[in-house]
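The values are calculated or read from the model by the stated rules, or taken from the named source; none is laboratory data. Source: prediction; values computed, not measured. When we count neighbours, we look across all protein chains shown, and the Cβ atoms used for this are built from the backbone with ideal geometry, even at glycine. Calculation scope for accessible area: heavy atoms of the full protein, side chains included, ligands and nucleic acids excluded. Shrake-Rupley method; radii C 1.70, N 1.55, O 1.52, S 1.80 Å.
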Amino acid sequence: MPIRPATIKDAATLTSIAHDAKRYWGYPEHWIKHWESELTVSNDFVNANDVFVMAGEDEVRGFYALAVRNDKAELEHLWVAPKYIGTGVGKELFLHAMQRAGALNVSEVEISSDPNAEGFYQKMGAYRIGEVRADMDNKPRTVPRLAVKPRKP
């Protein structure tokens, strides 16, 4: 399945995939609403960042976004359409993202991971560097903060 740069025509589809993938983990709908701005991929975001999609002729299976700042990057998004979770789409997107980061001379990619995705990222070579507060419903909550060294070309 080819991976190509996203265009602004993809933004609505990418936003839908991000919301659906977050719902996959069984979060309450009011949490999804709270995260709406974080899960929304705008035209401006697509134009300002390295956003790539895995897409066939008729559907997008997943996407990622790297926000590059000097020699570091943030993996802002890596989402897989729920029907493709567990099929290797996420792995291929992650590997592509690391190759892309390496080609851009990024020394490290950081990730604020959903707790459900931490194991995936660790299998892919990421390691925990801390936690980020992400309180919900007035209760303490943290999410893992990870880092990974990209593959140099």
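The test for being open to solvent by less than 40 Å² (accessible area, probe 1.4 Å), modelled with pLDDT under 95 and either more than 14 Å from Ala21 (Cα to Cα) or touching a strand residue (DSSP E or B) at 6+ places or on another chain (Cβ under 6 Å) (or both) holds for Gly56. Ala12 fulfils the conditions (1) open to solvent by 30 Å² or more (accessible area, probe 1.4 Å); (2) in contact (Cβ under 8 Å) with a residue 40 or more places away in the chain; (3) among the aliphatic types (A, V, I, L, M) except for a single criterion, (2).
Given the condition of a type in the set (Asp, Glu), under 15 Å from Leu14 (Cβ atoms) and modelled with pLDDT of 95 or more, answer yes or no: does some residue in the stretch 68-84 qualify?
yes
Only one of the listed residues (Asn49, Asn70, Asn43) is closer than 22 Å to Glu108 by Cβ, more than 16 Å from the chain's Cα centre (by Cα) and either exposed (fewer than 15 other Cβ atoms within 10 Å of the Cβ) or of a type outside the set (Phe, Trp, Tyr) (or both). That residue is Asn70.
Can Val148 be described as among the aliphatic types (A, V, I, L, M), open to solvent by less than 70 Å² (accessible area, probe 1.4 Å) and within 23 Å of Glu36 (Cβ to Cβ)? It is false that Val148 is among the aliphatic types (A, V, I, L, M), open to solvent by less than 70 Å² (accessible area, probe 1.4 Å) and within 23 Å of Glu36 (Cβ to Cβ).
A count restricted to the stretch 72-119 and to residues that are within 18 Å of Arg145 (Cα to Cα) and basic (Lys, Arg) stands at 1. Residue count for the stretch 107-141 satisfying the condition of being assigned to a strand (DSSP E or B), more than 22 Å from Lys72 (Cβ to Cβ) and open to solvent by less than 60 Å² (accessible area, probe 1.4 Å): 1. If the condition is being of a type in the set (Gly, Ala, Ser), outside any helix (DSSP H, G or I) and either buried (at least 18 other Cβ atoms within 10 Å of the Cβ) or in contact with a Phe, Trp or Tyr (Cβ under 7 Å, 6 or more places away or on another chain) (or both), then the stretch 81-106 contributes only Ala81. In the stretch 15-29, the residue that is farthest from the chain's Cα centre (by Cα) out of those that are open to solvent by 80 Å² or more (accessible area, probe 1.4 Å) and free of Cβ contacts under 8 Å to residues at least 60 places away in the same chain is Glu29.
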